[in-house]
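The values are calculated or read from the model by the stated rules, or taken from the named source; none is laboratory data. In this text, all values refer to a predicted model and were calculated from it rather than measured experimentally. Cβ placement follows ideal geometry from the backbone for every residue including glycine, while neighbour counts extend to all protein chains displayed. These area figures cover heavy atoms from the full protein model, side chains too; ligands, DNA and RNA do not enter into them. Shrake-Rupley method; radii C 1.70, N 1.55, O 1.52, S 1.80 Å.
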Amino acid sequence: NLLDSERFIDKTVMIYQIKLLKLLGLMPQLEYCVNCDNKLHGSENVNFSIKSAGLLCEKCYGADVQSLAISRGTAVSMQMMAKTPLASIGRISVGAKLREEISILLNRLIDYQLGEHLKSARFIKTIG
């Protein structure tokens, strides 16, 4: 099924991007607020700071006015993707909304870290 193939490709690209960020020491902070170092709780609303590469708690949203509001599920899914061995990626299930949110976040983060847009990510999207 073409739709299933597209979802698998999207998920696989996201997982490889996360694994690469982790390998390069650029993995975003997804458990603690990057501004105040408080541990984030599952029900808490969070924002993601691209420039600080991590989550901001509700009290620290103002630390980066350009931060993106994301669901807590996005952060949890990204943590899971970082920890899951590549041989087991088929077991990871990510809904459409989370997939879109993670993809946007990763593309912006990688663009910011590299200082330019990755052409390979756009190319993979066109062949997928």
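Data table
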| quantity | calculated |
| --- | --- |
| Summed residue charge, Cβ within 14 Å of Q29's Cβ, Lys/Arg positive, Asp/Glu negative | 0 |
| Residue-count net charge about R91 - beta-carbon cut-off 13 Å; Lys, Arg +1, Asp, Glu -1 | +2 |
| Stokes-Einstein translational diffusion, the chain - Kirkwood Rh over all Cα pairs, 1.002 mPa s, 20 °C, in µm²/s | 142 µm²/s |
| Unit charges on C-beta of K, R, D, E only; dipole of the chain, Debye | 300 debye |
| Length-normalised contact order of the chain in % [C-alpha pairs under 8 Å, at least 6 apart] | 25 percent |
| Area accessible to solvent at Y61, 1.4 Å probe radius, in Å² | 70 Å² |
| Per-residue SASA entry for L20, accessible area with 1.4 Å probe, Å² rounded to 10 | 90 Å² |
| Column: log10 I(q)/I(0), Debye, Cα scatterers of region 27-78, q = 0.27, 0.32 Å⁻¹ | -1.04, -1.52 |
| Loop sites in region 1-100: trypsin sites (Lys or Arg not before Pro), DSSP, at most 13 other Cβ within 10 Å | K51 |
| Neighbour cut-off at most 10 other Cβ (10 Å), DSSP loop, GluC sites (Glu not before Pro), region 20-76 | none |
| Farthest positive-ward along region 1-101 dipole, Cα basis, beta-carbon charges - from Y16, A63, G73 | Y16 |
